[in-house]
Amino acid sequence: MISKDLQKALIEQLNKEYHSAYIYLGMSAYCSKEGFNGAANWFLIQYQEEVSHGMKMFKYLEDQDVAIELPEIKAVKVEYKSLLDVFKKSLAHEQSMTKNLNNLSDLAMKDKDHATYSLLQWYVTEQVEEEATVGEIIDHIKLVGDNGYGLYTIDKELAGRSFVDPTA
Ligand code: FEO
């Protein structure tokens, strides 16, 4: 049985995963509007990944007989300053998610809730990859600066991303 405090925190995390999906949908819309169709595709896949993270948490809560609550998902931005800005905001967002997941892991450890702790370790590991991938894209964008051809090349690379369900 998951403690009441941990149940509440996991429901909040479930909401944060869907909020993340929504944030990435907003980022995709921005990139599409600016003509960065590859980056728009990249963020759309990021959106799908976050939905899959949400589904994994949802399924776990159901399996553990937690009363599901689906609170409102906060509105998100659809305007950013530049391609660099949108990826920087994405990294900052993932870093805040890592913090949440570490705090949740601490709570599960305190409760000696091994099943929830094990689930959370999956998310913590996933965060390492997410942060590294976004960090690499930021480095590439910084490298080309305002060079149009450079940005075009990066955008073309981002177009090649396809969805692979991380929870499968
Ligand atoms: Fe589900 Fe990108 O955190």
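The values are calculated or read from the model by the stated rules, or taken from the named source; none is laboratory data. Values in this document were obtained by computation on a predicted structure and should not be read as measured data. FYI the Cβ positions are ideal-geometry reconstructions off the backbone, even for glycines, and counts take in every protein chain you see. For accessibility, only protein heavy atoms count, side chains too; no ligands or nucleic acids. Shrake-Rupley method; radii C 1.70, N 1.55, O 1.52, S 1.80 Å.
Only one entry in Leu91, Leu83 is out of contact with any Leu (no Cβ under 6 Å at 6 or more places or on another chain) and more than 15 Å from the ligand (Cβ to nearest atom), namely Leu83.
Here Val76 passes the criteria (1) more than 16 Å from the ligand (Cβ to nearest atom); (2) of a type in the set (A, V, I, L, M); (3) not in a helix (DSSP H, G or I) except the one numbered (1). Total residues in the range 41-82 satisfying the condition of being under 30 Å from His140 (Cα atoms) and either out of contact with any helix residue (DSSP H, G or I) (no Cβ under 6 Å at 6 or more places or on another chain) or of a type in the set (D, E, K, R) (or both): the figure is 10.
The residues in the range 144-168 that are more than 16 Å from the ligand (Cβ to nearest atom), outside any helix (DSSP H, G or I) and open to solvent by 50 Å² or more (accessible area, probe 1.4 Å) can be counted, and the count is 4.
Using the structure shown, decide if Lys8 is surrounded by fewer than 17 Cβ atoms within 10 Å (Cβ to Cβ) and part of a helix (DSSP H, G or I). Steps first, answer last, please.
Values: surrounded by fewer than 17 Cβ atoms within 10 Å (Cβ to Cβ): yes; part of a helix (DSSP H, G or I): yes.
Taking the combined requirement at face value, the residue satisfies it.
Taking the conditions exactly as written (in contact (Cβ under 8 Å) with a residue 60 or more places away in the chain, in a loop (DSSP other than H, G, I, E, B) and over 11 Å from the mean Cα position of the chain (by Cα)), does Val66 satisfy them or not?
Details: in contact (Cβ under 8 Å) with a residue 60 or more places away in the chain: yes; in a loop (DSSP other than H, G, I, E, B): yes; over 11 Å from the mean Cα position of the chain (by Cα): yes.
Answer is yes for this residue.
Consider the range 89-143 and keep the residues that are under 21 Å from Met1 (Cα atoms) and among the acidic types (Asp, Glu). The one that is most open to solvent (accessible area, probe 1.4 Å) is Asp106. Whenever a residue of the range 101-125 is touching a residue at least 60 places away in the same chain (Cβ under 8 Å), its partners that are in a helix (DSSP H, G or I) and open to solvent by 50 Å² or more (accessible area, probe 1.4 Å), lying with C-beta atoms within less than 6 angstrom and at least six residues away or across chains, give the pairs Ala108/Tyr117. When Ser105, Ser32, Ser3, Ser20 are screened for being modelled with pLDDT of 95 or more, within 11 Å of the ligand (Cβ to nearest atom) and of a type outside the set (D, E, K, R), only Ser20 passes.
For Leu25, state whether it is under 15 Å from the mean Cα position of the chain (by Cα), open to solvent by 10 Å² or more (accessible area, probe 1.4 Å), of a type outside the set (Ser, Thr, Tyr) and within 16 Å of the ligand (Cβ to nearest atom). It is true that Leu25 is under 15 Å from the mean Cα position of the chain (by Cα), open to solvent by 10 Å² or more (accessible area, probe 1.4 Å), of a type outside the set (Ser, Thr, Tyr) and within 16 Å of the ligand (Cβ to nearest atom). Selection of the range 39-59 for residues being without any contact (Cβ under 8 Å) to a residue 40 or more places away in the chain, within 11 Å of the ligand (Cβ to nearest atom) and hydrophobic (A, V, I, L, M, F, W, C) yields only Val51.
With respect to Asn15, determine if the residue is away from the ligand (no atom under 11 Å from the Cβ), more than 13 Å from the chain's Cα centre (by Cα) and at pLDDT 95 or above. No; evaluated as a whole, the condition is false for this residue.
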